[in-house]
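This report concerns only the one structure given below.
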Amino acid sequence: MLQGVLKKFLLILLVVVTYQHWGKIERLFNPSAMVSEETREHARVVLYATDWCGYCKATRRFLDQKGIPFREFDIEKDAAARARPTPPWAVPC
């Protein structure tokens with residue numbers, strides 16, 4: 001009985017983790033849809049994001065699907081990005 005519960009728990013955990021990281025998984029299986037790093041460096045769109053933010057994931061997916069180049073800074077991992085002043089036209093999440 002304990003093994004059955006453990007299997008169900010692991011399956012649910014796998015589904016949740018897969019759902020949370022679906023954008024990264026999508027990029028692994030479809031790298032041609034990604035914009036090159038060189039193009040991203042000169043992009044006019046800048047995304048200040050986190051890994052866990054649903055709006056950030058949706059924005060990444062939208063920009064990738066439309067082929068819009070963007071530079072991304074993770075504000076949780078990059079102290080310099082966190083310290084940058086937010087422009088008045090920015091959309092906070």
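The values are calculated or read from the model by the stated rules, or taken from the named source; none is laboratory data. All of these numbers come straight from a predicted model, not from anything done at the bench. What goes into the accessible areas is simple: the full protein's heavy atoms, side chains included, and nothing from ligands, DNA or RNA. Shrake-Rupley method; radii C 1.70, N 1.55, O 1.52, S 1.80 Å.
Per-residue accessible area for PHE73 at 1.4 Å probe radius, Å² rounded to 10?
Here the residue's solvent-accessible area equals roughly 50 Å².
Can you bin the stretch 40-83 into rounded, prolate or oblate? Criterion: square roots of the alpha carbon gyration tensor eigenvalues sorted a ≥ b ≥ c, rounded for a/c under 1.5, prolate for a/b above b/c, oblate for the rest.
Judged from the Cα gyration tensor, the stretch 40-83 comes out oblate (a/c at least 1.5, b/c at or above a/b).
Near the amide H of PHE73, under 5 Å away, which other amide H atoms are found, from residues 5 or more places off or on another chain, if H is placed in the peptide plane?
Distant-sequence amide H within range of PHE73: LEU47, TYR48, ALA49.
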